[in-house]
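Asker: Quick one: structure below, then a few questions.
The values are calculated or read from the model by the stated rules, or taken from the named source; none is laboratory data. On a predicted model such as this, the values are computed, not experimentally measured, just so you know. Note that each Cβ is placed from the backbone with ideal geometry, even for glycine, and that neighbours are counted across all protein chains shown.
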């Protein structure tokens, strides 16, 4: 009669390797190093083959194990940058250390390329590897996504600093935008007051479609385009035509004499009566005495003639 004695080792871990506590992850890697030193390679290092009883970790299911493994790997310093897989000396332990997040991957993936992780310290270097169809802005955004993804998992303190800097930058940007908006509003009120003080009705400018402003000197400018030469010539021609019409409508006849001379009936000597206080006496025609005696008539003496004797 024979019997098989079993030991209760707990339950399989349900979390992924990266979500386990640091204590459990440390026990797992130490257990695998012990197996490898014994010349055994498990070949199925998965969560389902790791059991935990609350205190200790056990490795189960060696169905795929090989017993002729000569492992050359040495336990690394945890939480440091991983060495290259070819240099480490054991692919199973190298993969397990990476999945357990006990060291930092030596490479990051950017635009389908594996780049040395040291590039995260100089984000501008990513631009050297950007595809030709990416814009500079898109390339920088993708670079920061890679940096944040890497630091969030493997360098939490650095990731928190990045988040804090982004928050500070965003707050400063919002503050600058708010200050700029206030400054623009104050400038608008100042310009309106200057326009009013200089006698410019800003409502007329607005209604006419002119977006004008006032300079510090008080001179107001309209942002509308200058009038064309043809328009100015047309206005000048209209002004000249209007002036000609005004000139044609003026009475050009000489002013009426202040004295209206009327001959007095029966008067001698060609006298005239005064019809205006500001009269001018008319000079009578010169009497010519003829040989026949007293004047039998009068005639005007022509210029350059002498009286008959």
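Asker: Does region 119-138 include one or more residues that are surrounded by 16 or more Cβ atoms within 10 Å (Cβ to Cβ), within 30 Å of residue 32 (Cβ to Cβ) and in contact with a strand residue (DSSP E or B) (Cβ under 6 Å, 6 or more places away or on another chain)?
Answerer: no
Asker: Now, a different point. Filter region 1-14 down to the residues that are closer than 21 Å to residue 153 by Cα and loosely packed, with under 11 Cβ neighbours inside 10 Å and list them by number.
Answerer: 14
Asker: I would also like to ask the following. Considering each residue of region 37-49, count those that are under 58 Å from the mean Cα position of the chain (by Cα) and not in a loop (DSSP other than H, G, I, E, B), and give that number.
Answerer: 2
Asker: Hey, another quick one. Which one is farthest from the chain's Cα centre (by Cα), of the residues in region 97-125 that are in a helix (DSSP H, G or I) and either within 15 Å of residue 81 (Cβ to Cβ) or at pLDDT 95 or above (or both)?
Answerer: 97
The rows are residues; the columns are (1) part of a helix (DSSP H, G or I); (2) within 29 Å of the chain's Cα centre (by Cα); (3) on the phi > 0 side of the Ramachandran plot; (4) surrounded by fewer than 12 Cβ atoms within 10 Å (Cβ to Cβ).
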site: 142; (1), (2), (3), (4): yes, yes, no, no
site: 159; (1), (2), (3), (4): yes, no, no, no
site: 165; (1), (2), (3), (4): yes, yes, no, yes
site: 169; (1), (2), (3), (4): yes, yes, no, yes
site: 180; (1), (2), (3), (4): yes, yes, no, yes
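Asker: Which of the residues spanning region 1-22 are within 15 Å of residue 103 (Cα to Cα), free of Cβ contacts under 8 Å to residues at least 12 places away in the same chain and in a loop (DSSP other than H, G, I, E, B)?
Answerer: The answer is 21, and nothing else.
Asker: What number of residues within region 23-60 are modelled with pLDDT of 90 or more, surrounded by 12 or more Cβ atoms within 10 Å (Cβ to Cβ) and over 15 Å from residue 96 (Cβ atoms)?
Answerer: Residues that pass the stated criteria total 6.
Asker: Output the residues belonging to region 148-177 that are in contact with a strand residue (DSSP E or B) (Cβ under 8 Å, 6 or more places away or on another chain) and under 20 Å from residue 124 (Cβ atoms).
Answerer: 150, 155
Asker: For residue 87, are the conditions met, namely being farther than 23 Å from residue 156 by Cα, surrounded by fewer than 11 Cβ atoms within 10 Å (Cβ to Cβ) and touching a strand residue (DSSP E or B) at 6+ places or on another chain (Cβ under 9 Å)?
Answerer: Taking the combined requirement at face value, the residue does not satisfy it.
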